[in-house]
Every structure is written in C-alpha cells, then in structure tokens.
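Heads up: the structure comes next, in structure tokens.
The values are calculated or read from the model by the stated rules, or taken from the named source; none is laboratory data. All values reported here derive from a predicted model rather than from experimental measurement. Positions of Cβ are backbone-derived with ideal geometry, glycine not excepted, and every protein chain shown enters the neighbour counts.
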Amino acid sequence: MSLPRVYVTRRIQDAGLSLLPGRVAFEVWEKSAPVDRDVLLEKASKAEGLLCTLSDRIDEELFSRCPGLKVVSNYAVGFDNIDVEAATRRGILVTNTPDVLTNATADMAFTLMLASARRVVEANEFLRSGDWVTWHPDLLLGQDVSESVLGIVGMGKIGQAVARRAAGFSMKILFFNRSPRPEMERELAARQVSLDELLRESDFVSLHCPLSAETKGLIGERELRMMKKSSILINTSRGAVVDREALYRACSEQWIWGAGIDVFEKEPVPLDEPLLKLKNVTTTPHLGSATIKAREGMARKAAENLLAALEGRKPADLVNPQAWKK
Ligand code: DGY
C-alpha cells in the first residue's frame, strides 16, 4: 500500500520531522523564505496532508485545487492564515499546536513589558553610541512594572500564563474576555471588566486574543485614546488586532507612553514602517514562541496531528471538530 503524500512548507525541527519517515511520503520546502504560492498550489494539489506555517495562506483557491487533501496541520497555535470554514465545508481537518508555546509566549509578553517600561533597547543604543557621559538622576527614567495594573485582553491559556507571572510582580490584574470566566477571577485574583474599563484603568495592556473578524482592528484610535498617557501596549497576538496607523499616532503624539510589539499586520514588517522610527516602541520579529523547547513541541504536535488524521485517528488539536466524521 502506498503511503499518503504530505507536503511540509518549511523545515521544522527534527522532533517533528523524524516522526514522518515510513508513515507518509513527504517532501519539505527547504528555503528559509516562505514557499512560493505556485509551488504550494502544485504540491498541495497532489497531497493528502499539508504541514504548514503561519506564512502560508491556506484558502478556498488552494482547497479547490486539492481534491485529495484530508488535513492541514498548522505549525502554530493561531490559525488565521487558514480559511477554516472552507476547510470544514470540504471535510478537511485543520489542527494547531496549543499548550507547548504558552510559557514561551507569556515570557515574551513579559519581556516586552519590562523592556518597554525600562527602555532597555533605547538604553542599549544610548550606551553603545557613546552618549553616556555621566550617571544622572533623570537618565532614561521608565515606568514601574511592579504594583502596576495589568489589563489582559483575551483570557485564554497565554493570557492566564501572563496573569500568573504578573502575580509575582504584585500587579493588579484586570481582564477582558468574550465569555465570562468567573473561575479565572477566583484562581488568578483578577477582575473581569469591559474593554473600555480595562483600557482606562490599566498601566499595561497586553493582547492575547486570536485574530478573527471580531478582533481585527479591536484596538484603534478610540481605544488608544482611552488609555492612560503613562500606559504601554503589548502585542504578542497578531498585528491586525491593532490599527497600525492609530498606534503610530498614539506613540508619536504620546497619547500613550509606548508599545512593545512582536507582531505586525504585514510580516516581515517593511523597514519604512513609521513605527520603527519611534524610540518608545520596542519591536521584535514575531518571536513569541521562539524558544528551542517550544518550537520542538510545536514540531512534534504538528507532526502527530498530521499523522493521526492520515491514519484515521482523531487529532488531539482539532480546530474544526465538525469536519471529523468517524
Ligand atoms: C502562533 O503559534 O500562533 C505564534 O504566533 C507563532 O508561534
């Protein structure tokens, strides 16, 4: 019996790839740039399984050319790069990689919070460019993280992990979540509030909601104008949750104190992006889950989900259970 054909759109860690030989016939896109669209469409058209990343657009056009496709295994927890509705209509399973990156991403949100509040990147550049002439009482003053108010938007697993870290900094925790989470209020000594209240009261606002039609542009001019002048916005979710132009104005005109941004609507972010010129904006290139342990976990999960689907078992991390017919 021939093995199911699989296309892997990026060389992921061996922790995942090493599970594939002998169980599927697979090919990997070896370049570090994302797979060309025409190559993706061609390879996927012959495949039963696709193991892809968030840089690949998996949409109706692709599905319409892939009569044999049974599963799309995303190497990411977010799956806004996939048209899940279209996949479900065609009975194609979609999976993601939750849990294994929760700590890494929460750590990154905290890294950006501390780095932005204490101006770490700006200070590093200041020192290295020879501008440090003396210790001074007013030199590069920042904001306190300890005992401040943290507003978490989206109290999923990553939001909760951020809240647990915040407890160690004696922060007061507010959160906004679509559905009521009274158990989180108890467990994390946090208070669920409306988005407006969270924006008005928080010293740090950290975004942890998935990107969807509902959350696209969730933080725009109106929301940024509600935030305190001394507050800092942290985004490790998806760039499009924030209106980029409004954020630029908020940071350059100092409606807010600054921002720590790991994700952009267009990635890689073009170098002429005005936000990159601002000292009060700390940026990283979508590194939320970029630890060795998290990426190995993601690779393993992505491969296991793919194999489960192709071997007729229900994948552990099925995003569209409606498509599961067994
Ligand atoms: C995800 O998993 O969705 C992250 O953004 C990339 O690791």
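Kindly indicate whether any position in segment 233-240 is within 22 Å of Pro274 (Cβ to Cβ), touching a residue at least 24 places away in the same chain (Cβ under 8 Å), aliphatic (A, V, I, L, M) and in contact with an Asp or Glu (Cβ under 9 Å, 6 or more places away or on another chain).
Yes, there is a match, as at least one residue in segment 233-240 is within 22 Å of Pro274 (Cβ to Cβ), touching a residue at least 24 places away in the same chain (Cβ under 8 Å), aliphatic (A, V, I, L, M) and in contact with an Asp or Glu (Cβ under 9 Å, 6 or more places away or on another chain).
May I ask you to list the residues in segment 36-62 that are hydrophobic (A, V, I, L, M, F, W, C) and more than 27 Å from Val263 (Cα to Cα)?
Ala44, Ala47 - these are the residues of segment 36-62 that are hydrophobic (A, V, I, L, M, F, W, C) and more than 27 Å from Val263 (Cα to Cα).
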**Message:** Name the residue that is nearest to Cys251 (Cα to Cα), counting only residues in segment 198-218 that are of a type in the set (Ser, Thr, Tyr) and part of a loop (DSSP other than H, G, I, E, B).
**Reply:** Ser202
**Fill in**
Selection over segment 155-169 where residues are assigned to a loop (DSSP other than H, G, I, E, B) and more than 21 Å from Thr282 (Cβ to Cβ) yields a count of 2
**Message:** Tell me whether segment 295-315 contains one or more residues that are assigned by TED's automatic domain parsing to the domain that holds Thr53, closer than 28 Å to Arg178 by Cβ and free of Cβ contacts under 8 Å to residues at least 40 places away in the same chain.
**Reply:** yes
**Asked** If you go through segment 13-54, how many residues are touching a Ser or Thr at 6+ places or on another chain (Cβ under 8 Å) and either closer than 18 Å to Asn81 by Cβ or of a type in the set (D, E, K, R) (or both)?
**Response** 9
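In segment 271-326, which residue that is assigned to a helix (DSSP H, G or I) and in contact with an Asp or Glu (Cβ under 7 Å, 6 or more places away or on another chain) is surrounded by the most Cβ atoms within 10 Å (Cβ to Cβ)?
Filtering segment 271-326 for residues assigned to a helix (DSSP H, G or I) gives 274-277, 292-310, 321-323.
Restricting the remaining residues to those that are in contact with an Asp or Glu (Cβ under 7 Å, 6 or more places away or on another chain) gives 301, 305, 310.
Details: Lys301: 26, Asn305: 30, Leu310: 21.
Taking the candidates together, the pick is Asn305.
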**Complete:** When every residue in segment 39-77 that is in a strand (DSSP E or B) and within 16 Å of the ligand (Cβ to nearest atom) is compared, the one surrounded by the fewest Cβ atoms within 10 Å (Cβ to Cβ) is Ile58
**Options Leu271, Leu224; residue that is in contact (Cβ under 8 Å) with a residue 12 or more places away in the chain and either touching a helix residue (DSSP H, G or I) at 6+ places or on another chain (Cβ under 8 Å) or more than 16 Å from the ligand (Cβ to nearest atom) (or both)** = Leu224
**Item:** segment 287-326, subset polar (S, T, N, Q) and farther than 14 Å from Thr97 by Cβ, residue nearest to the ligand (Cβ to nearest atom)
**Value:** Asn320
**Prompt:** Quick check: is even one residue across segment 278-285 without any contact (Cβ under 8 Å) to a residue 24 or more places away in the chain, within 21 Å of Glu125 (Cβ to Cβ) and within 14 Å of the ligand (Cβ to nearest atom)?
**Reply:** yes
**Message:** What's the number of the only condition in (1) surrounded by fewer than 24 Cβ atoms within 10 Å (Cβ to Cβ); (2) in contact with a helix residue (DSSP H, G or I) (Cβ under 8 Å, 6 or more places away or on another chain); (3) closer than 27 Å to Arg200 by Cα that Ala240 fails to meet?
**Reply:** (2)
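Of the residues that make up segment 127-148, is at least one in a loop (DSSP other than H, G, I, E, B) and closer than 16 Å to Glu185 by Cα?
Here is the first cut: in segment 127-148, the ones in a loop (DSSP other than H, G, I, E, B) are 129-148.
Next, only the ones that are closer than 16 Å to Glu185 by Cα stay: none.
For segment 127-148, residues in a loop (DSSP other than H, G, I, E, B) and closer than 16 Å to Glu185 by Cα: absent.
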**Asked** Since Ala213 meets every condition but one in (1) closer than 24 Å to Val72 by Cβ; (2) in the same structural domain as Arg181 (by TED's automatic domain parsing); (3) within 16 Å of the ligand (Cβ to nearest atom), which condition does it not meet?
**Response** (3)
